[in-house]
Amino acid sequence: MVAQKKKRRMDNLLALAALVLLAERPTHPYELAQLLKERGKDLSIKIKWGSLYTVISSLERQGLIEATGTYREGRRPQRTVYRLTAAGWSEMRDWLRELIAHPEKEYTRFEGALSLAGALPPDEVAALLEERVANLDREIAALEEQLETAGQEVPRIFLIEGEYVVAMRRAEADWIRSLLAEIREGTLEGIDMWREFHERGGRMDEH
């Protein structure tokens, strides 16, 4: 039986990242933003930096974090320090467990394009896929080099999201190569109908 995804009051991964960092120690939103950037979390999480203070306010309203006080450094604006509450700690761990254990449907732009690719002729799609594979190969090589360099400075546990990206890019490239072979060899089921569609100018009802 497939487990039902828990409905949460917030589904913004920036909120989860904030909870994780606040689990380390109390801090203020500006420092949270700095830590997220320094640790490269914006490479794995789509972050809208301008919404961080809104996210923090929402977490506070829900009782997941609480203010511990304010302070000012020199002429800088007054800053509020927040810490995780017991409810925030529980929510953070439960949310992470769900995301790690349960696959969910993610709508990628490439998947969307594939669902509409029939609007282009087979040979053009093949040429575009060949270009994509070449781009993927370059990206994989660059990512592997970055991981190797980073691995000399930090433990592997801090690089596993990068390894996941490489694995997914490799799987995508392999799948595209397989599809390309079927298009080139004419063994892809329905390719004759696809070609006829474009030979008729995109109108199958003409005879």
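General observations
- Tabulated pairs, the range 101-112, first in contact (Cβ under 8 Å) with a residue 40 or more places away in the chain, second surrounded by 10 or more Cβ atoms within 10 Å (Cβ to Cβ), C-beta under 7 angstrom, 6+ apart or interchain: His102/Lys5; Glu104/Lys5
- Taking the range 1-25 as the range and being in a loop (DSSP other than H, G, I, E, B) and surrounded by 15 or more Cβ atoms within 10 Å (Cβ to Cβ) as the test, the residues that pass are Met10, Asn12.
- Of the residues Glu144, Glu182, Glu161, the single one that is closer than 23 Å to Phe110 by Cβ, in contact (Cβ under 8 Å) with a residue 24 or more places away in the chain and assigned to a helix (DSSP H, G or I) is Glu161.
- Comparison of Gly50, Gly40 shows that the only residue that is without any contact (Cβ under 8 Å) to a residue 24 or more places away in the chain and on the phi > 0 side of the Ramachandran plot is Gly40.
For every residue, the table says whether it meets (1) in contact with a Leu (Cβ under 9 Å, 6 or more places away or on another chain); (2) more than 30 Å from Arg8 (Cα to Cα); (3) outside any loop (DSSP other than H, G, I, E, B).
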| position | (1), (2), (3) |
| --- | --- |
| Leu99 | yes, no, yes |
| Gly112 | no, no, yes |
| Ala126 | yes, yes, yes |
| Arg132 | no, yes, yes |
| Arg170 | yes, yes, yes |
| Leu188 | yes, yes, no |
| Glu196 | no, yes, yes |
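- Residue in the range 73-92 that is modelled with the lowest pLDDT, counting only those that are farther than 18 Å from Ala33 by Cβ and not in a helix (DSSP H, G or I): Gly74
- Test: Arg138 is among the basic types (Lys, Arg), over 19 Å from Glu38 (Cα atoms), touching a helix residue (DSSP H, G or I) at 6+ places or on another chain (Cβ under 8 Å) and in a helix (DSSP H, G or I): no
The values are calculated or read from the model by the stated rules, or taken from the named source; none is laboratory data. The structure presented is a predicted model; accordingly, all values stated were derived computationally and were not measured. Cβ sites come from the backbone with ideal geometry, for glycine too, and all protein chains shown count toward neighbours.
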